[in-house]
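Participant: First, the structure itself, so that you have it in front of you.
The values are calculated or read from the model by the stated rules, or taken from the named source; none is laboratory data. Nothing here was measured: the structure is a model prediction, and the numbers come from that model. With ideal geometry, Cβ positions are generated from the backbone for all residues, glycine too; neighbour counts draw on all protein chains shown. SASA here: full protein model, heavy atoms, side chains in, ligands and nucleic acids out. Shrake-Rupley method; radii C 1.70, N 1.55, O 1.52, S 1.80 Å.
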Amino acid sequence: MKIRTNALAGIALAATAALGLAACGSSATPAATGSASAGSTAAGEITVYNAQHEELTQEWVDAFTKETGIKVTVRNGEDPEMANQIIQEGAASPADVFLTENSPAIAQVENAGLFADVDKATVDQVPAAYRPSTNKWTGIAARSTVLVYNKSKLTEDKLPKSLLDLAKPEWKGKWAAAPTGADFQAIVSALLELKGEAATDEWLKSMKDNAKAYNGNSSAMKAVNAGEVDTALIYHYYYFGDQAKTGENSQNIGQYYFKSQDPGAFVSLSGGGVLKSSKNAAAAQAFLKFLTGKTGQEVLQKGTSYEYAIASDVPANDKLVPLKELQAPTVDPAKLNSAKVTELMTKAGLL
Amino acid sequence: MTDYSPSRLPEPRIAASVATSTNNHLEIEAVTKNFGSQAVLKGVNLSVAQGGTTAIVGPSGSGKTTLLRLIAGFEHPDTGSIALNGSKVAGDGVWVPAHKRHVGYVAQDGALFPHLTVGQNISFGLDASSLPGRHRGIKARVSELLDMVSLDPAMAKRRPHELSGGQQQRVALARALAREPELMLLDEPFSALDAGLRVATRRAVGKVLKDAGVTTILVTHDQGEALSFADQVAVMRDGKLAQIGNPFIVYTRPADRATAEFLGDAVILDAWMEGSLATCSLGGIPVRRPPAQGRVQLMLRPEQIRIAEDGPIRGTVVDTDYFGPETTVRLKLNIPPVLAEGAVADHRYPGGGEVITIRHWNASITRPGTELCLRVVGEAVAFPMEDLAPE
Amino acid sequence: MTTKLAAPGTIGGTTTAGRGKRPRPPFGVSVVAILAVLIALFSLIPLGYVGVMTAATGWDTAIALIFRPRVGELLLNTVLLVVVTVPLCLVLGVGGAWLVERTHLKGRKWWAVLLAAPLAIPAFVNSYAWVSAVPSLAGLGSGVLIATLSYFPLVYIPAAATLSRLDPAIEQSAASLGLGAWRAFFRVVLPQLRIAMTGGALLVSLHLLAEYGAFAMIRFDTFTTAIMVQYRSTFNGTAGNMLASVLVFICLILLLMEVRSRGSARYARVGSGAQGRALRLPLHAYQLPAQLFLLALTALAFGLPLSFVLRWIIAGGPGIWTADEFLPALLQTLGYGLGGAAATTVVAFPMAYLAVRHPNWFSKALELSNYVTSSMPGIVVGLAFVTVSIRLVPGIYQTAGLLVAAYVLLFLPRALVNIRSGLSQAPKELDEAAQVLGKPPLMSFIRVTLRLTAPAAAGGAALVFLGIVNELTATLLLSPNGTRTLATEFWSKSSAIDYAGAAPYALLMILISAPMTYLLFQQSKKAAGQ
């Protein structure tokens, strides 16, 4: 009895102490790291709002910090969430750099007028096809839409010719997607840009009946692999990622690219931009330059992300179907409208 | 805190200097206290002499505990003032908090600190640096205090919950005595104890305090306790002190009927007062300082009415309650002969046929139906009629 | 998310030390009262946020966003979930408690603890284990399965505590009035369990409404998961806010229902003092089935999740223990847990103090406001704090302090209930005794009241700590940049189907939760009489 009482009192004491420590810790961190500067012109510390894959960004950040000594704090989230967050935060945003998986979110921040111009050195590293004409942000990687299917249930000739075919009654219950994710919403934004609002609206409404909703692309592919559902509309790299690990979630998976400039052949551009409100613009620009530079792009080529490298003449990972063979439709990334997509999907009952 | 600018408030200074001239340890003047809309104290005046023992007795809800808490400094009076040793501690803009009043206080349940040993409880208020030998000094003092309240010094290591109720109260007293207060406040400290222990503990506590010469105020709802413990009894009723005096006077000459009945069993009879003689069903009984003439109510204590073979009054036993050492006897008084003969005008002999309660040691002579002869001993107390019945 | 121990049965049940007369609040109390009011106002931020947002949205938009088919689906899902899960939890919880406390069940000492053990497994870890075991799990049935297994101890613990304290004289009188054991149970014992059951049912319901991870993992959509989806798509968009207002509305209805069904039952308290030993029914031929039933229940609720976490740990090998990810998450979790627990305790104190020392309508109203807020799901509190801090107080946006403040709101009742019972062990007479012995008020407060309340406060702090360790939604929304807790790391990895990578975090959460759960179990036995 007595012992427990004392132990509890001890916990209370420790808690109080920890509170003090936590308070100190949060304020002490920047000061402690601020002094650690490397030889380059940019130094200090930046905060990255990262909607890209955590692992990929972590690889970039580790390499960047190693090279420059600039400390990077990463906040992870989803494309539209972080875009809206940055817009709400406005000039007070703690973010220096925003990285997305897809273009609509970064276009949204651009349209809010929150980005600084990308340094010319960075722009020069990226082919014009992979950056917006405004140069308010730049592409950093690309990913392609793919329909994964269960090879033991279907063959490629049974698959639809177009993304729009998935709205047909014969596909009811036979395809899956992760409608809550930014990836899927980017595909929808391409559809919206290519086919217009009415067609998109209709397609989404049929999807509500036809598609099985999963919590993420990985889960959707896992479900296809397990035979829970025949096909899933996701991005290309989930398959390669799983194959590189155990392959247990992709052994029955076949990858099907729509090609022929179909909306389903959409190649989505991951973007990166520097916030106007950045308090360390030099370091932020250096980070963007690093991502699109040779080292950054080689992380894409050689790493486990299996996203497409697009800049500094670094070729894609040789396991991937080359970008040029995908026959993607031409879409101006600056025109992708994520707010409209969310609205239409909410209306369709998908969100 | 206090505004003593002479131009604005000359009176308090004079009042204070007047107060110092008295020998009273405690002086309470016109104190009132409300809780919300409820008036708990309605103007209380009380003086307690140095070294004296005062019992404040009253039914529950009469405000006696509140009065004690005001003296201790746990509550502020709304109006009126309280002075200790001639200096104000509350009222007239003065406020001395409890921890600076240097009084002792023993609560109903002892209020021992459950997380401390008996020894730590007792030494709680002691300042180690003020005692010779510091730690050893404290230990010695604790032993001394335990001895003073007749407890084994070895108990110092025990926890409060390992003690009996009586022992806890003694420890609480020892704790209060440790700081050698000049005024000790006891808030029904014996009421939680069972009957036998209560008397023993009360005696022991009373002796300790008397030996130490500490001025003591005891609050209790037990009139027996009040009468036996104190040399001054203050009867509290409905937020006021109904009577203050020594126990014998208060018991035998209560100021009003309610006080009379609160302090003990009372026989109340209608009577006719002429001069200092009251006539009633028990015959003519002398009254000291009658408050009125004509119709009055007469109060006698049951022990004043004795069964005597040659007694002039007769009554018939209605029923009895046997308590062992004594029997409570309810008697119906016979109509006095004077009245029965119709010789005198009725209004001078009110009553007759009343049922009264007396006590007797011998149960065998008090069977229901038996007619007994009675005699009244000593004086009665008369109360004016208007005190009692609305017309 | 494991135990939101609001212990509703004890809210409002005040213990007065004192003399019937209530002293006018003396020196210092007004300061405490002001503090308490400020805390109450602060605690109403989420509720106010939902109200303001709904009003600001405009009637037409609000109607369009609230009365749409998707909300209907969510409502149906949520209602079905509650309607099916709560009775199941009641049956399992009360049944388990009855077997342990009222029958000659063999090994009942062990069963008593084992039945509480599932609380040590956060619901989303449970879900993760089940999805590992049966990958096709999805939808309502799976939601009910996982929720029931995760939450039935919330009924079991108070029910067992009440049964163990229930005066057997009641059953004896029932027997003397000719009732058989079964009829006595239903007519006499069960009604005595009303507080435990309604309180437990409310707790389970609130958990069901607030849970995100467990349902997201099995693709079962509730209001909370849908709000999270909206948050992911729009940050704090209107559609999400409207969903939040419907969710808040449901919470308030549940609170009201609990208050109504509890009725005056809580005044029927169990007397203290010596009482006879509990009556136990011999099980005879039912001994084996009872043992098998409990074995199955604990195997599913505790054994399965634990073994799948261990399976992934083994499958993952040493590679999953990457110290540079793992240690910061552990340290930050401990930091937030301890800091949040301390802050919650400090904040709860004035409220508890007012409730015990100066009980009146005012202190009751303050407590009630708190209670209502604490029934708000973490996602609503998170949304409210994000929006309010961005728009009104940008200085505190994305600070650790804001996250701690959200924890305080979410877990205040755990501290409040405990500190209150601790304070009632420290009547003001003791404080006064110390003052009259020459200690100034502050000193006597510290040396007596605070000291006597410390054990109970520490117990409450431990429960808050447990809640924070397993908190996911508010943490996701409010944590400062770079923050990783065990829960968020687990969530991030398990969402990416990195089940092996998630396992160490799951194991750590279980290891941290286990002793707290045991503490909760022990405390419930003591508190049952109140």
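Participant: Restricting attention to the stretch A:134-151, report how many residues are in a strand (DSSP E or B), within 16 Å of the chain's Cα centre (by Cα) and of a type in the set (Phe, Trp, Tyr).
Facilitator: 0
Participant: Of the residues that make up the stretch B:183-191, is at least one closer than 26 Å to B:HIS102 by Cα, of a type outside the set (Ser, Thr, Tyr) and open to solvent by 10 Å² or more (accessible area, probe 1.4 Å)?
Facilitator: Yes.
Participant: Suppose the filter is on the phi < 0 side of the Ramachandran plot and over 18 Å from the mean Cα position of the chain (by Cα); does A:ILE70 pass it?
Facilitator: Yes.
Participant: Restricting attention to the stretch B:47-67, and to residues there that are in a strand (DSSP E or B), touching a residue at least 60 places away in the same chain (Cβ under 8 Å) and more than 13 Å from the chain's Cα centre (by Cα), which single residue is surrounded by the fewest Cβ atoms within 10 Å (Cβ to Cβ)?
Facilitator: B:ALA49
Participant: Among strands (runs of 3 or more DSSP E) lying entirely in the stretch A:214-318, which contain 1 or more residues that are assigned by TED's automatic domain parsing to the domain that holds A:TYR149 and over 17 Å from the mean Cα position of the chain (by Cα)?
Facilitator: So the answer is A:231-235, A:253-256.
Participant: So, one more: Which number in (1) surrounded by 18 or more Cβ atoms within 10 Å (Cβ to Cβ); (2) modelled with pLDDT of 85 or more; (3) within 13 Å of another protein chain (Cβ to nearest Cβ) marks the one condition that C:ALA384 misses?
Facilitator: (3)
Participant: Of the numbered conditions (1) part of a helix (DSSP H, G or I); (2) open to solvent by 20 Å² or more (accessible area, probe 1.4 Å); (3) without any contact (Cβ under 8 Å) to a residue 40 or more places away in the chain, C:LEU508 fails exactly one; give the number of that condition.
Facilitator: (3)
Participant: Only residues that are farther than 16 Å from C:ILE497 by Cα and either surrounded by fewer than 24 Cβ atoms within 10 Å (Cβ to Cβ) or in contact with a Lys or Arg (Cβ under 8 Å, 6 or more places away or on another chain) (or both): list them for the stretch A:223-235, please.
Facilitator: A:GLY227, A:GLU228, A:VAL229, A:ASP230, A:THR231
Participant: Additional query: Output the residue which, of all residues in the stretch A:221-233 that are of a type in the set (A, V, I, L, M) and over 16 Å from A:SER144 (Cα atoms), is nearest to the other protein chains (Cβ to nearest Cβ).
Facilitator: Residue satisfying both the conditions and the ranking: A:ALA226.
Participant: Go through (1) within 14 Å of chain C (Cβ to nearest Cβ); (2) among the β-branched types (Val, Ile, Thr); (3) open to solvent by 20 Å² or more (accessible area, probe 1.4 Å); (4) assigned to a helix (DSSP H, G or I) and name the single condition A:THR342 misses.
Facilitator: Condition not satisfied by A:THR342: (3).
Participant: How many residues, within the stretch B:71-127, are more than 7 Å from every other protein chain (Cβ to nearest Cβ), of a type in the set (D, E, K, R) and assigned to a loop (DSSP other than H, G, I, E, B)?
Facilitator: The number of residues fulfilling the criteria is 5.
Participant: For the stretch A:71-108, how many residues are at the interface with another protein chain (Cβ under 10 Å from one of its Cβ atoms), part of a loop (DSSP other than H, G, I, E, B) and open to solvent by 10 Å² or more (accessible area, probe 1.4 Å)?
Facilitator: 3
Participant: Further question on the same structure: I'm checking my understanding of the structure. Among residues of the stretch C:217-233 that are touching a residue at least 24 places away in the same chain (Cβ under 8 Å) and either open to solvent by 10 Å² or more (accessible area, probe 1.4 Å) or under 17 Å from the mean Cα position of the chain (by Cα) (or both), which one is farthest from the other protein chains (Cβ to nearest Cβ)?
Facilitator: For the stretch C:217-233, the residue satisfying everything is C:THR224.
Participant: Only one of these conditions is not met by B:GLU274: (1) in contact with a Gly (Cβ under 9 Å, 6 or more places away or on another chain); (2) modelled with pLDDT of 90 or more; (3) within 19 Å of B:ALA380 (Cβ to Cβ). Which number is it?
Facilitator: B:GLU274 satisfies all of (1) in contact with a Gly (Cβ under 9 Å, 6 or more places away or on another chain); (2) modelled with pLDDT of 90 or more; (3) within 19 Å of B:ALA380 (Cβ to Cβ) except (2).
Participant: The conditions are (1) at pLDDT 85 or above; (2) within 27 Å of B:PRO254 (Cα to Cα); (3) open to solvent by 30 Å² or more (accessible area, probe 1.4 Å); (4) hydrophobic (A, V, I, L, M, F, W, C), and B:ALA382 fails exactly one of them. Which is it?
Facilitator: The failed condition is (3).
Each row is one residue, and each column tells you yes or no for (1) surrounded by fewer than 22 Cβ atoms within 10 Å (Cβ to Cβ); (2) in contact with a Leu (Cβ under 7 Å, 6 or more places away or on another chain).
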| position | (1), (2) |
| --- | --- |
| A:THR246 | yes, no |
| A:GLN251 | yes, no |
| A:GLY273 | no, no |
| A:ALA282 | yes, no |
| A:THR295 | yes, no |
| A:GLN301 | yes, no |
| A:TYR306 | no, yes |
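Participant: Please specify each residue of the stretch B:104-127 satisfying the condition of being in contact with an Asp or Glu (Cβ under 8 Å, 6 or more places away or on another chain) and buried (at least 24 other Cβ atoms within 10 Å of the Cβ).
Facilitator: B:TYR105, B:VAL106, B:ALA107, B:ALA111
Participant: While we're on this one: Based on this model, can you work out whether B:LEU269 counts as in contact (Cβ under 8 Å) with a residue 40 or more places away in the chain and within 22 Å of B:PHE190 (Cα to Cα)?
Facilitator: No; evaluated as a whole, the condition is false for this residue.
Participant: A follow-up question, please. Filter the stretch A:156-186 down to the residues that are surrounded by 18 or more Cβ atoms within 10 Å (Cβ to Cβ) and within 14 Å of another protein chain (Cβ to nearest Cβ) and list them by number.
Facilitator: A:ALA176, A:ALA177, A:ALA178, A:PRO179, A:THR180, A:GLY181, A:ALA182, A:ASP183, A:PHE184, A:GLN185, A:ALA186
Participant: Is one or more of the residues making up the stretch C:28-50 open to solvent by 40 Å² or more (accessible area, probe 1.4 Å), assigned to a loop (DSSP other than H, G, I, E, B) and modelled with pLDDT under 80?
Facilitator: No, that holds for no residue.
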